[in-house]
Amino acid sequence: LAKTTQPISMDSYEGQEVNITCSHNNIATNDYITWYQQFPSQGPRFIIQGYKTKVTNEVASLFIPADRKSSTLSLPRVSLSDTAVYYCLVGDIEPGNTGKLIFGQGTTLQVKP
Amino acid sequence: DTEVTQTPKHLVMGMTNKKSLKCEQHMGHRAMYWYKQKAKKPPELMFVYSYEKLSINESVPSRFSPECPNSSLLNLHLHALQPEDSALYLCASSNPLAGGWDTQYFGPGTRLTVL
């Protein structure tokens, strides 16, 4: 499974856009990129998933360059409630794989007023 | 219903006790997972059940024994645990897509303390 590298922590202010970049140099052809959010003492919550180019949903955007060796999670106009740990995961969700996910160290985002 | 429930929320047990953690989902998912998470660390995969069969055991000690009685339920039986097993135990589920696996939905976890 591809290893991911993220910044350990980031600070931001309310209303700003936050971009968290994840490096996954040995991503495989069948691997998808998934981001989860986790608040203290809660289970991780799915944010967004993509394979290439750009994916957008009501919560975030995910930018993936053509070589797919990195990805950037973009959170528009963050609020205090976005303070959490954000995990980037790379894994093969294709047939023959059982959905095994390996979490990296995650990025602790602190949003300040 | 997109919820995964776990009971109990908190559990304190001695090293000689036998206890069980329970997980339930009613989303029709056919894969269920147990993760262990220590403080300020990422979740670590322990077991994966696929269509009610154990498909992955990440070299977990035998004092942890998983069980999947049916497609909606997942148990984790605990026996002779050590204090270092104290952690947040997370359950998750996912569904096979046409051609792959969908995203995992996590429960709130059981906070386990071993004395």
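Among the residues of segment B:35-62, those that are within 11 Å of chain A (Cβ to nearest Cβ) and of a type in the set (Ser, Thr, Tyr) comprise B:TYR35, B:TYR49, B:SER50, B:TYR51, B:SER55.
Counted as qualifying within segment B:33-99 are the strands (runs of 3 or more DSSP E) with 2 or more residues that are without any contact (Cβ under 8 Å) to a residue 40 or more places away in the chain, open to solvent by 20 Å² or more (accessible area, probe 1.4 Å) and not aliphatic (A, V, I, L, M), namely B:44-50, B:53-57, B:64-70. Of the listed requirements (1) within 14 Å of chain B (Cβ to nearest Cβ); (2) open to solvent by 60 Å² or more (accessible area, probe 1.4 Å); (3) farther than 14 Å from A:LEU109 by Cβ; (4) of a type outside the set (A, V, I, L, M, F, W, C), A:THR4 misses just one: (2).
Condition check for A:ASN19 on (1) over 24 Å from B:LYS38 (Cα atoms); (2) among the polar types (S, T, N, Q); (3) modelled with pLDDT under 95: one failure, at (3). Taken over segment A:82-105, the criterion of being over 16 Å from B:TYR105 (Cα atoms) and modelled with pLDDT of 95 or more is satisfied by A:ASP82, A:THR83, A:ALA84, A:VAL85. Here B:SER59 fits the description: on the phi > 0 side of the Ramachandran plot and of a type in the set (S, T, N, Q).
Put simply, of B:SER65, B:SER20, B:SER86, B:SER94 the only residue that is within 12 Å of chain A (Cβ to nearest Cβ), hydroxyl-bearing (Ser, Thr, Tyr) and in contact with a strand residue (DSSP E or B) (Cβ under 6 Å, 6 or more places away or on another chain) is B:SER94.
Evaluation of A:GLN37 against the conditions (1) in contact (Cβ under 8 Å) with a residue 60 or more places away in the chain; (2) in contact with a helix residue (DSSP H, G or I) (Cβ under 9 Å, 6 or more places away or on another chain); (3) buried (at least 16 other Cβ atoms within 10 Å of the Cβ) shows that the sole unmet condition is (1). Within segment B:14-32, work out how many residues are over 15 Å from B:GLU84 (Cα atoms), loosely packed, with under 13 Cβ neighbours inside 10 Å and at pLDDT 90 or above. So the count comes out to 1. Scanning segment B:97-115 for residues that are at the interface with chain A (Cβ under 8 Å from one of its Cβ atoms), in contact with a His (Cβ under 8 Å, 6 or more places away or on another chain) and at pLDDT 95 or above returns a single hit, B:ARG111.
The values are calculated or read from the model by the stated rules, or taken from the named source; none is laboratory data. Remember, predicted model here, so these are calculated numbers, not experimental data. Neighbour counts run over all protein chains shown; Cβ positions are idealised from the backbone, glycine included. When the accessible area is computed, the model is the full protein with side chains, heavy atoms only, and any ligands, DNA or RNA have been set aside. Shrake-Rupley method; radii C 1.70, N 1.55, O 1.52, S 1.80 Å.
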